[in-house]
Amino acid sequence: MFDTSISAELVIEEKIDCNDLVNSVQDGRNAFMDKDSGSLTHEAESELKDGLEPQDTQDDRGDPNDPRVRLKRDCVGIMAAFRLKNPSSHHVIIANTHIYWDPEWADVKLAQAKYLLSRLVEFKKIVADKFDCTPSVLVAGDFNSVPGDQVYQYIISGTTSVGAEIAEDLPIPLSSLCAFTRGEPQFTNCTPGFTGTLDYILFSPSDYIKPISYLELPEHESSDVRGGLPNYYHPSDHLPIGAEFEVFQV
């Protein structure tokens, strides 16, 4: 992700377990859940269900209307802080996550996104205080959310409405790398039942780092994605995404 001439030292890391959301349920409610959370259109939901992961067996998990059951989806993330060397000593936080897949459970996906950003804010403060620095932030992962839906909108604006102004209490400012440089790709997930963008690299704009290049993705007509993924050329139904950032001494 960074110039190979720049080495980095891992200085601190934390894991994120979205099942911890269950512990914050009080009186049958959870601070991260929005009961008004909608989902995609019926057509988009059907396409996603056809193309994404198998649906959970809800009978095995319990009553899905109980938030203690609903929030236990076994999704995870990790945050790591690195101190760059040669010549910069700048600190960079890199986080990775996987958000729940089911488009009908938009409230759960949004709760996980809110929890991710809340943990990221706390982690950034820990790093800043411990190393007396202003760390840059990069976030990447499978958000199982298309551009414009509630999870995507919340992460980049702090609101769940398309076209709304950025919230004043935005947990942490993040921009989509692709939207910032060229526009979101046509797709990062490609199956016979669904083709669309679900994976993102996000960064917090600053004077310290700037994206300078990104991994080119195939077009719909490309022979290596014809018929859907996985295949011989791509061993996953998701395409790899990547970018290179330049680090500045400020």
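A few notes on this one:
- Overall Cα dimensions of segment 8-247, principal axis frame, Å, largest first: 53, 53, 33
- For ILE12, distant residues with modelled amide H under 5 Å away: ALA81
- Footprinting exposure proxy for ARG61, ARG70 (fewest neighbouring C-beta atoms within 10 Å first): ARG61, ARG70
- Rounded to the nearest 5, the antiparallel percentage of DSSP beta bridges internal to segment 8-247 is 80%.
- 5 angstrom amide H check on TYR200, placed H, neighbours 5+ away: GLY141, PHE143
- Amide H to amide H distances under 5 Å link GLU246 with LYS210, ILE212, where only residues 5 or more positions off or on other chains count and H is placed in the peptide plane.
- Going by neighbour counts of Cβ atoms within 10 Å, the residues HIS90, HIS220 line up, fewest first, as HIS220, HIS90.
- Karplus-derived HN-Hα couplings along segment 171-184 (A = 6.51, B = -1.76, C = 1.60, θ = phi - 60°), whole Hz, x at Gly and Pro: x, 7, x, 9, 10, 6, 3, 5, 4, 6, 9, 8, x, 4
- Using the Cα coordinates of segment 64-103, the gyration tensor eigenvalues translate into equivalent-ellipsoid semi-axes of 37, 9, 6 Å, sorted from longest to shortest.
- Summed side-chain charge close to VAL127 - residues other than VAL127 whose Cβ falls under 14 Å, Lys, Arg +1, Asp, Glu -1: -1
- A simple rule links phi to the HN-Hα coupling: the Karplus curve 6.51 cos²θ - 1.76 cosθ + 1.60 with θ = phi - 60°, which for segment 99-105 gives 8, 3, 8, 6, x, 7, 10 Hz, with x for Gly and Pro.
- Loop sites in segment 95-191: GluC sites (Glu not before Pro), DSSP, at most 16 other Cβ within 10 Å: GLU104, GLU165, GLU168
- Net charge of Cβ neighbours under 12 Å - reference ILE172; Lys, Arg +1; Asp, Glu -1: +2
Each reported figure results from applying straightforward, stated rules to the coordinates on display, with no laboratory input. Since the structure is predicted, the reported quantities are computational estimates derived from the model, not experimental observations. In this analysis, Cβ positions are derived from the backbone assuming ideal geometry, glycine residues included, and neighbour counts consider all displayed protein chains.
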